[in-house]
Amino acid sequence: MARRISFTMAHLLLFLMDCSLLFGVVGLTAGAPSFSEAAASHAASAALAALDDMEALQGEVSQAERKQVDMEEKNPLEAYVDLNNNVGRLFQACLIALRHLAAAHAAAPEQVGATSQDLQEMAALEEQVGGILTAHAKEPIFFWHGPKWMVLSKVRKIFTSKDDAGRSMRDRLQQVANVGRSAGELREWGPKAIRQLHGKASVSLGDFDAVAAHQKVPAVGVAVGDVECGDQSSNCKLGEILDAARTLSGKAAHVLVLPCGEQALKAIGGELQKAGSSDDTFVSFVLSPTMLDQGGQELLNDLSAILAALGRRRFDLLWLPYDAFKKRAFPRTKAIIEALTSQGTITAYGIHTEARSKTLATKLLDREPAPVAWLTPHDLTRPAEPEAVAAARALGVVAVGLARTAGVPGTAAGLYLQAVVGPDLRAQEAAQHKWTLQQGLAVVLRPGALGTPSAGASVLKATKEMAPLSADAAHFLRVIGTASKEEAASNTEEPATSADGLGAALQLGRKALAEARLGSAEQVVKDRGAGIERGSSSEVTKPGNSPLVPAVRPETLEGLDEQAKQYKANNHVIYKENFFDEATWSAIVRETKRLWKSKDIDANCNLDGKNRLGGYVLDHTARNSSLYRLIYGNEQFRRWVSAVNGEGEAWPSDFPIELREYGTESKGMACHPDLQMYAVAKKDMEFAVTVDNDSTCQVTYWDAKRVKHKVNTKGNSVMMVRANAAEHCVSPTEGGSRTILKFIYVGDYRKSDTFWHYTGNECGPDNPNRVVLESRRDPEAAEKMEL
């Protein structure tokens, strides 16, 4: 009897705990809006799901990069081409996690318990990740390791931070998420669940018939390339999916061929021949920026070879990249389009890029000769902007939504789709395609490895059979897209659909982040006042296995206003000695010595191995001693850069760190201002960290008044120079040597036209710099020098 009473009391206590949580979520502090249990639970669940998406995507990107490098398929610095899609999804998952965490805190502040420090960290991350995604919308992220170390480590730190009771943020979110759910699944879905989460839509989608509207390009298609038809070409079976696409579109099916190898092209060609008449199969090809750069006869020859492999006489449509429509490039692009059209190689052309506003869409699409279509990445977590789609439609241009991945684009997106159609994955994917069509876009899905459940035919059949989504459902599915927008919150955002729904919680969360945002100089002062010496969350292992948090000396952060004035007076150059703290500096020196003996440097083909020796530091293998952790993952260093430069926040760039030596016979370097690599010169800073210098080599620069300064740089010194600013030179070493680390921090990730001229790094084994580097390598010794 006593045992039965004990059991009952235990369950009563659990029931009371759940009730206290429930009442805490629904009834917040006086004067605050009251949020539904469902909205708080969903926000917390989505934050955790997006965190899981982030971890999974980092693993996928890292594995794909290692494979390319290990198999020597590409130069390590060229891997970004194939990684770019998932790198964008990775940073977007970070943003979705942060925004939903902020929403969960807005809906249930006592239960989530984000501190002011958490909100400040989240606000800084929101700004950085938003900047990355803004740049990514136009051009690839080149070397993802720079931003990676700071962003991912900070996100992890926030989710593992503990409250006074020792509960991590992740545990607190999980407790809120569990309310209204059973084993992670919604207890119900459909109209009732949607209204609990988001309220009733205030605007109808109307009765726009997307399928009937697409006369120039079929409404439904499939994207194929190396993944679907490359190494496993025997699995390249398109017949069933093309039949399903024709049934759904009511006419031809669209086959969109991605840039791929010869094997995949031949396999796709074989499937197109099986499909029979070209009248019911519309074929388009995505032209890569590299192919476009060739131009002239070489481009014509390449396209002819691709057509031959596909068994086609012409492309129904050729997709041209964003670079083709830059102001300086378009006259050449126009000549290429006219030549390809007149020779019968293409019937029409389209533009392949993102346009995140009506203004940009109009600027891109309103031109002569006119594009027939616009191909844009589009899924639940990165939807095309409705105003941009409307602008395209007004110009008579078909908007085509290209899915970024096979299936549902992540666990967080799955939570939204689950609320609409339930847990079945095929129904969820079909609902996403239905949602796309109802917004007036044509659909091009990615089937992944053909023969898998997401291969597409069954999903397209389910899309055909699915009833149109209600206005409530369609507007609810837009919510995750608004949560992943690059822009920070503003006062001009539309009011939420429901005062107590998920949209309102996300809006209040973003507002809280905007209010919490502090500049770096202000943050340093505030931390000191509170007795906080805040470093990076990127821990490195010290000898003895105790954690090292990369940092600078406390004196480095003193007198930031005076340092900023000196920097300006010097025409935006500053030199500072004794910069990093002892532990961080020791780790940097050890890692530099290891790198010279390792294979983790890609020789810079522009160096001659005598006057200047060295190369780009790689980061494709996990390593505790990584310079990217020590410098690009160093929050105190980032704050110093931001405060001294004085043009907003600065972050690690997506250009690799370079290890460089001025050897005993070096003649130094001629006078020059630093090249502008990024779009905004005043937010583009180049650094030289002197590792050692036993030479007479000096750096000379001229300040704003043209006064000449000479510096014999010392170990553990930092020189920061803004692009297009102070002219500077390096004198001969005269028998000694000087070793530096060279890298870039930015306040705007958008690239200048010059950037891509410095990303190619191809040279043969006889390159003198490569020869010297090879002679220094000793992999066994390097392995023993690991931290």
Notebook entry, point to check: Amide H of Phe580: which non-local residues (sequence gap of 5 or more, or other chain) have their own amide H closer than 5 Å, using H built in the peptide plane?
Noted result: Arg553
Checklist line | Straight-distance crosslink candidates among aspartates and glutamates, where the alpha carbon sits under 16 Å from Lys714 and sequence neighbours closer than 8 are dropped | finding: Glu577, Asp581, Glu582, Glu661, Asp692, Asp694
Note to self: On a full-extension model of 0.36 nm per residue, what is the gain between Ala339 and Asp293, subtracting their alpha-carbon distance, rounded to one decimal in nm?
What the structure shows: 15.0 nm
Check: If you place +1 on the Cβ of every Lys and Arg and -1 on the Cβ of every Asp and Glu, how big does the dipole about the Cα centre of region 683-750 come out, in debye to the nearest 20?
Finding: 240
Next item on the list: Measure up Lys593/Lys682; Lys326/Lys358; Lys148/Lys599 against 23 Å on the Cα-Cα distance and list the ones that go over.
Entry: Lys593/Lys682
Margin query: With just the Cα atoms defining each centre, how far is region 541-611 from region 64-142? Give it in Å.
Written below: 25
Margin query: Could you report region 209-324's accessible area per residue, 1.4 Å probe, as an integer in Å²?
Written below: 41
Notebook entry, point to check: Residues with beta-carbon under 11 Å from that of Phe755, excluding Phe755: net charge, scoring Lys, Arg +1 and Asp, Glu -1?
Noted result: -2
Next item on the list: Using packing as a proxy for protection, rank 92-102, 644-654 so that the peptide with the highest average count of other Cβ atoms within 10 Å comes first.
Entry: 92-102, 644-654
Next item on the list: Find out how many positive minus negative residues lie around Leu238, taking Lys and Arg as positive, Asp and Glu as negative, among other residues whose Cβ is under 11 Å from that of Leu238.
Entry: -2
Notebook entry, point to check: What relative contact order, as a whole-number percentage, does region 231-334 give when Cα pairs under 8 Å and 6 or more residues apart are counted?
Noted result: 27
Check: What's the carbon and sulfur percent of region 216-325's accessible surface, probe 1.4 angstrom, rounded to a whole number?
Finding: 46
Margin query: Using a probe radius of 1.4 Å on heavy atoms only, what accessible surface per residue do you get for region 601-704? Whole Å² is fine.
Written below: 28
Notebook entry, point to check: By a straight-distance test (C-alpha under 20 Å), which lysines pair with Lys511 as possible cross-link partners, with residues fewer than eight away in the same chain excluded?
Noted result: Lys485
Notebook entry, point to check: Got a sec to turn the phi values of region 311-318 into Karplus ³J(HN,Hα) couplings, 6.51 cos²θ - 1.76 cosθ + 1.60 with θ = phi - 60°, whole Hz, x for Gly and Pro?
Noted result: x, 10, 8, 7, 8, 5, 7, 10
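The values are calculated or read from the model by the stated rules, or taken from the named source; none is laboratory data. All figures in this text were calculated on a predicted structure; none of them were measured in a lab. Every residue, glycine among them, receives a Cβ derived from its backbone with ideal geometry; neighbour counts consider all protein chains shown. For the accessible areas, the whole protein counts, side chains as well, though only heavy atoms, and no ligand, DNA or RNA atoms are used. Shrake-Rupley method; radii C 1.70, N 1.55, O 1.52, S 1.80 Å.
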